[in-house]
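**Q** Have a look at this one before I ask anything.
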Amino acid sequence: MGIRETAEEAYREALPALAMSAVGGLFAGVVLGGMRAELRAIEGLLVLVPALLATRGSVFGSFGARIATGLHQGVVEPRVDLGDERLRAAATAALANGVLVSLVAAVLTVTALTLLGSPVAPLPVMLGVALIASVLSGLGLTAVVLLVVFAGYRRGYDPDTFVGPVVTTTGDVAGVFFLLVAARTVLTLVGAFGGGP
């Protein structure tokens with residue numbers, strides 16, 4: 001296969017994922033635009049949003065690449081098998097890393113805004129939002145990455161060409177949606193216990 005044919009095949013495989021990425025990014029923007037009340041109620045949350053979304057892409061992009069490499073090497077079967085120790089370990093590591101880096105991002109956000117003298121919600125509020133959003137989006141992303149990579153591989157596609165756009169899009173959409181869920185959950189809990197962020 002020549003260079004031109006290889007390039008055409010790569011574009012043909014990646015183009016649907018890239019188109020989905022554009023649509024998903026717009027949808028995530030619409031959801032974020034509808035979070036005005038939550039962003040006002042939890043001061044500093046808007047600063048945390050890019051960090052949370054970037055970590056989703058980094059952590060689960062690496063997870064998708066690890067699964068793709070396992071498929072190419074023949075050490076991972078292209079099906080969801082909860083008995084597969086490698087698959088379980090990779091998924092657990094991705095979830096744990098996603099939660100840990102989200103909590104670190106929340107701490108850094110509160111610290112930076114406090115040092116700058118900007119208004120910011122208390123650390124427990126930011127940690128609660130980061131924890132809930134990272135766990136929910138992490139579970140969703142793990143399922144999507146596994147299903148999409150395995151389905152594409154079984155249909156003869158190279159997962160390396162589409163895992164990046166799929167993770168980015170799903171991470172943005174799920175990240176913003178679950179951030180909204182997390183913010184509302186934390187605000188409800190804070191209100192139920194008689195406090196204020």
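**Q** Residues to consider are Ala133, Ala182, Ala174; find the one that is in contact (Cβ under 8 Å) with a residue 60 or more places away in the chain, open to solvent by less than 10 Å² (accessible area, probe 1.4 Å), in a helix (DSSP H, G or I) and within 23 Å of Ala41 (Cβ to Cβ).
**A** Numbers: Ala182 fails: in contact (Cβ under 8 Å) with a residue 60 or more places away in the chain; Ala174 fails: open to solvent by less than 10 Å² (accessible area, probe 1.4 Å).
Going through Ala133, Ala182, Ala174 in turn, just one is in contact (Cβ under 8 Å) with a residue 60 or more places away in the chain, open to solvent by less than 10 Å² (accessible area, probe 1.4 Å), in a helix (DSSP H, G or I) and within 23 Å of Ala41 (Cβ to Cβ): Ala133.
**Q** Inspect all residues belonging to segment 50-68 and state whether any of them is more than 25 Å from Val173 (Cα to Cα), modelled with pLDDT of 85 or more and either open to solvent by less than 70 Å² (accessible area, probe 1.4 Å) or in contact with a helix residue (DSSP H, G or I) (Cβ under 9 Å, 6 or more places away or on another chain) (or both).
**A** Residues of segment 50-68 more than 25 Å from Val173 (Cα to Cα): none.
The answer is no; no qualifying residue exists.
**Q** Among the listed residues Leu18, Leu46, Leu39, Leu32, identify the single one that is part of a helix (DSSP H, G or I), farther than 29 Å from Tyr153 by Cβ, touching a helix residue (DSSP H, G or I) at 6+ places or on another chain (Cβ under 9 Å) and at pLDDT below 80.
**A** Exactly one residue qualifies, and that residue is Leu32.
**Q** Moving to a separate point now. Within segment 100-123, can you find the residues that are under 13 Å from Gly44 (Cα atoms) and free of Cβ contacts under 8 Å to residues at least 12 places away in the same chain? Steps first, answer last, please.
**A** Initially, segment 100-123 is screened for residues under 13 Å from Gly44 (Cα atoms), giving 105-123.
Once the filter is applied, which keeps residues that are under 13 Å from Gly44 (Cα atoms) and free of Cβ contacts under 8 Å to residues at least 12 places away in the same chain, segment 100-123 yields Thr111, Thr114, Leu115, Leu116, Gly117.
**Q** Quick check on segment 137-145. Is at least one of its residues polar (S, T, N, Q), farther than 16 Å from Ala174 by Cα and under 21 Å from the mean Cα position of the chain (by Cα)?
**A** Within segment 137-145 (the criterion being polar (S, T, N, Q), farther than 16 Å from Ala174 by Cα and under 21 Å from the mean Cα position of the chain (by Cα)), the answer is no, since none of the residues qualifies.
**Q** In segment 152-169, which residues are closer than 15 Å to Ser62 by Cα and open to solvent by less than 20 Å² (accessible area, probe 1.4 Å)?
**A** Of everything in segment 152-169, those that are closer than 15 Å to Ser62 by Cα and open to solvent by less than 20 Å² (accessible area, probe 1.4 Å) turn out to be Pro159, Phe162, Val163, Val166, Val167, Thr169.
**Q** Continuing with the same structure: Failed condition for Ser118, given (1) of a type outside the set (A, V, I, L, M, F, W, C); (2) modelled with pLDDT of 95 or more; (3) not in a helix (DSSP H, G or I), with all others met?
**A** Result: Ser118 fails condition (2) only.
**Q** Okay, moving on. Given the criterion open to solvent by less than 50 Å² (accessible area, probe 1.4 Å) and within 18 Å of Pro50 (Cα to Cα), identify the matching residue among Val149, Val110. Before you say what the answer is, go through the steps one by one.
**A** On the way: Val149 fails: within 18 Å of Pro50 (Cα to Cα).
The conditions single out Val110.
**Q** Any chance segment 163-172 includes a residue that's over 26 Å from Gly33 (Cα atoms) and within 16 Å of the chain's Cα centre (by Cα)?
**A** Yes; the residues of segment 163-172 include at least one that is over 26 Å from Gly33 (Cα atoms) and within 16 Å of the chain's Cα centre (by Cα).
**Q** Check segment 77-85 and report whether any residue there is among the aliphatic types (A, V, I, L, M), open to solvent by 30 Å² or more (accessible area, probe 1.4 Å) and in a helix (DSSP H, G or I). Write out each step before concluding.
**A** Our first condition is that a residue be among the aliphatic types (A, V, I, L, M); within segment 77-85, this holds for 80, 82.
The next check asks that each one be open to solvent by 30 Å² or more (accessible area, probe 1.4 Å); those that pass are 80, 82.
Next, from what is left, pick out any that are in a helix (DSSP H, G or I): none.
There is no residue in segment 77-85 that is among the aliphatic types (A, V, I, L, M), open to solvent by 30 Å² or more (accessible area, probe 1.4 Å) and in a helix (DSSP H, G or I).
The values are calculated or read from the model by the stated rules, or taken from the named source; none is laboratory data. Everything numeric in this text was worked out from a predicted model, so none of it was measured. FYI the Cβ positions are ideal-geometry reconstructions off the backbone, even for glycines, and counts take in every protein chain you see. For accessibility, only protein heavy atoms count, side chains too; no ligands or nucleic acids. Shrake-Rupley method; radii C 1.70, N 1.55, O 1.52, S 1.80 Å.
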